[in-house]
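Enquirer: Sharing a structure, written as structure tokens. Questions coming.
The values are calculated or read from the model by the stated rules, or taken from the named source; none is laboratory data. Note that the structure is predicted; figures quoted are calculated from it, not measured. Heads up, the Cβs are rebuilt from the backbone with ideal geometry, glycines too, and the neighbour counts pull from every protein chain shown. Side chains are part of the model used for accessible areas, which takes the heavy atoms of the whole protein and leaves out ligands, DNA and RNA. Shrake-Rupley method; radii C 1.70, N 1.55, O 1.52, S 1.80 Å.
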Amino acid sequence: MKNNLEKLDKIKINEKLNNKVFRDFIKYFENKNKQKISKKLLTEFETIVNKIATYNDHKFVKQSDLFGMLFIQQNEIEDFSEKFKEAIRETMFKEVINYQTLNSNLKDEFEIKYNEKSLTKEEKEHASKLVKWIRKQVEIFSNEKLINENPQLENQITGELTKEFFKEQNEIFIKIYKWHANVFEVMAK
């Protein structure tokens, strides 16, 4: 990490850099945690993120650049690393989380009907279609290229940290998807 930060010492931030992703993330982080970040710390976060984006020759800040905020030594935000990772997870994987929540809610609804032996033919067909769709998602998330060749994760400063995080999240999503697929498969019969 120290070597990575040393690379940033002499970086002059690209004045044309679009850092909307940073600003949107900060708003989300503050709202989620019901905490206003001080101007001083906000400036430190913005500076490191912008320097990382500039170093990587990004025209706009990417989510992988945001991981630079973890390099800042601060005492203002308790459990910052955990809070950051939770917020970045919710923003990076918003669609996946939404789909898994919908699947989970439907699974619960179908499970009640299944146990009552009141699942309709249409609901069983829907469960069968969901099994196919979910298994396709597992296939997509299991493909190493999703991580190793993902341009959003390419970053000379935070790349390994970002890829490690992305991989951990993928593993969690795959487990949930597999569980959902198995349950829907039983219900589809």
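Enquirer: Please go through the stretch 167-189 and give me each residue that is open to solvent by 20 Å² or more (accessible area, probe 1.4 Å) and in contact with a helix residue (DSSP H, G or I) (Cβ under 7 Å, 6 or more places away or on another chain), ordered by number.
Expert: Kept after step one, since they are open to solvent by 20 Å² or more (accessible area, probe 1.4 Å), are these residues of the stretch 167-189: 167-168, 171-172, 174-176, 178-179, 182-183, 185-186, 188-189.
Listed by number, the residues that qualify are LYS167, ILE174, ILE176, LYS178, VAL183, GLU185, ALA188.
Enquirer: If you check every pair at least six apart or on different chains, which have Cβ atoms under 7 Å apart with a residue in the stretch 1-24 that is modelled with pLDDT of 85 or more first and a residue that is part of a helix (DSSP H, G or I) and among the hydroxyl-bearing types (Ser, Thr, Tyr) second?
Expert: Short answer, once both residue conditions are applied: LEU8/TYR55; ILE11/THR54; ILE11/TYR55; ILE13/THR54; ASN14/THR54; LEU17/THR54.
Enquirer: Is it fair to say THR43 is over 26 Å from LYS167 (Cα atoms), open to solvent by 20 Å² or more (accessible area, probe 1.4 Å), without any contact (Cβ under 8 Å) to a residue 12 or more places away in the chain and outside any loop (DSSP other than H, G, I, E, B)?
Expert: In short, yes.
Enquirer: Go through the residues of the stretch 52-71 one by one and say whether even a single one is polar (S, T, N, Q), in contact with a Gly (Cβ under 8 Å, 6 or more places away or on another chain) and either at pLDDT 95 or above or in a helix (DSSP H, G or I) (or both).
Expert: Applying the first criterion (polar (S, T, N, Q)) to the stretch 52-71 yields 54, 56, 63-64.
Filter again for in contact with a Gly (Cβ under 8 Å, 6 or more places away or on another chain), leaving 64.
If we keep only those that are either at pLDDT 95 or above or in a helix (DSSP H, G or I) (or both) too, we end up with 64.
Within the stretch 52-71, one or more residues are polar (S, T, N, Q), in contact with a Gly (Cβ under 8 Å, 6 or more places away or on another chain) and either at pLDDT 95 or above or in a helix (DSSP H, G or I) (or both).
Enquirer: Then there's this: If you take the residues of the stretch 62-93 that are over 14 Å from PHE29 (Cβ atoms) and free of Cβ contacts under 8 Å to residues at least 60 places away in the same chain, which of them is surrounded by the fewest Cβ atoms within 10 Å (Cβ to Cβ)?
Expert: GLN73
Enquirer: A further question on this structure: Just the residues that are within 22 Å of ASN150 (Cα to Cα) and in contact with a Lys or Arg (Cβ under 8 Å, 6 or more places away or on another chain), please, taken from the stretch 21-55.
Expert: VAL21, ALA53, THR54, TYR55
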